Amino acid sequence: MTPDQNETVRKIKEKASSLGLLACDWLPVTYLNTEKDYFDAWINNGMNGEMEYMSRNTDKRLDPRLLFEGAKTILIVLQNYYPDKVQEDKNAPVLSKYAYGTDYHFVLKDKLRQLHTFIREEIEPCTGRPFVDSAPVLERAWANRAGLGWIGKNSNLISLEHGSFFFIGELIIDIELPYPELKPVHDHCGKCTKCIDACPTKAIVAERVVDARKCISYQTIELRGELDEQLSGQFENRVFGCDICQDVCPWNLKSQPHNETNFQPHPKLLQLSKNDWETMDKPLFNELFRNSAVKRTGFNGLQRNLKFLGNG
């Protein structure tokens, strides 16, 4: 790259860092040809469960140029959510760490908009669109291609520097940028199978293949009906989401607490006792989770999950 191009790369990465992002890299938008067979097999085997949206717009998932007219560049960012404190009562129903604070969709999408504004005003005029689980984008595939990590045996993206407790977001723009030198990250899982061994419902049916129907996160968040009785007693007290396969991953020994104020939990949340959870009423739910991702399952969904844990 020329000195001017190097300066452009430096400016964008510096802006991303100033927004509190762990990492930011970008590459040309193209067709995800190597991911097609894996994704098709996953869908054809019904491993998406009731997430029918996963089987729609397959062409767009594999080619973001169909999502955004004129798409030329995709920027991929990582946002840390690893907390400095966890729930105090070891017997209380367990909430996934990512749901402690404000819904990440809002937080990360706002940062991507700010990054877009910076590029448009300081680098080159452009049109762009941010994505945070809000459209058919295969985020982990793009992050892997950008050299931000490898796909672990639990199917999560794992970073050499940061582990896996982070969100992934994308910004697609209609201009070409000077592309940073991307260094592919090789698989560093080795012979380790801690995530596979630790999954209480055996949802990781093969290396890098998760059957969502058995996954605690799917059951407690995505599923709209009754939970699978065949999994009763296997949730290890998880009430919304699940971090087990990440908690046991040796690479997460590198995880450092985030400094994102929006992800700080409600003052009462981490202090809830087992009884507090089991007797929670709707006003308390609304107070604790007003802007949280837990709103996705809602008060009734949380009550369903709590009842399932009690029955187990």
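Nothing in this text is a laboratory measurement; each read-out follows from the coordinates by a stated rule. Nothing here was measured: the structure is a model prediction, and the numbers come from that model. Note that each Cβ is placed from the backbone with ideal geometry, even for glycine, and that neighbours are counted across all protein chains shown.
With a 10 Å cut-off between alpha carbons and a GNM built on the chain, which of Q219, Q246, Q271 moves the most? Evaluated over the chain, the most mobile residue of the options is Q271.
Give the relative contact order (percent, whole number) for the chain; include only Cα pairs under 8 Å separated by 6+ residues.
Details: 499 pairs, mean separation 78.4, N = 312.
Once divided by the residue count of the chain, the mean separation gives 25 percent.
Here is the tail figure for the chain: Cα pairs spaced more than 29 Å apart come to 38 percent of all pairs.
The per residue volume of the convex hull around the alpha-carbon atoms of the stretch 1-76 is 136 Å³. Descending by average beta-carbon neighbour count within 10 Å, the peptides 75-81, 16-22 line up as 75-81, 16-22, the highest first. Positive contributions from Lys and Arg (+1) and negative ones from Asp and Glu (-1), summed over other residues with Cβ under 12 Å from the Cβ of C249, come out at 0.
Compactness of the stretch 121-225, taken as the C-alpha radius of gyration over 2.2 N^0.38 Å, stands at 1.30.
So which of K268/K307; K97/K194; K274/K295; K15/K194 end up more than 28 Å apart by C-alpha? Intermediate results must be reported in sequence, preceding the final value.
Numbers: K268/K307 22 Å; K97/K194 19 Å; K274/K295 20 Å; K15/K194 37 Å.
Long pairs (Cα-Cα over 28 Å): K15/K194.
Of the peptides 94-100, 64-70, how do they stack up when ordered by the mean number of other Cβ atoms within 10 Å, highest first?
Numbers: 94-100: 22.6, 64-70: 16.0.
Answer by packing, highest mean first, reads 94-100, 64-70.
Three principal axis extents of the stretch 194-311 based on alpha-carbon atoms, in descending order, are 42, 38, 22 Å. Candidates W277, L227, F289 compared by Cα position along the dipole of the stretch 194-311: farthest toward the positive end lies F289, with charges placed on Cβ.
Charges only on Cβ, +1 for Lys and Arg, -1 for Asp and Glu: so what's the dipole of the chain about the Cα centre, in debye to the nearest 20? Kindly include the intermediate steps, with their values, before the conclusion.
Working: 39 positive and 43 negative charges, 68 e Å.
Once rounded to the nearest 20, the dipole reads 320 debye.
The stretch 222-279 and the stretch 147-214 have Cα centres separated by 20 Å. Ordering A23, T73, H188 by Cα displacement along the dipole of the chain toward the positive end leaves H188 in first place; charges were set at the Cβ atoms of Lys, Arg (+1) and Asp, Glu (-1).
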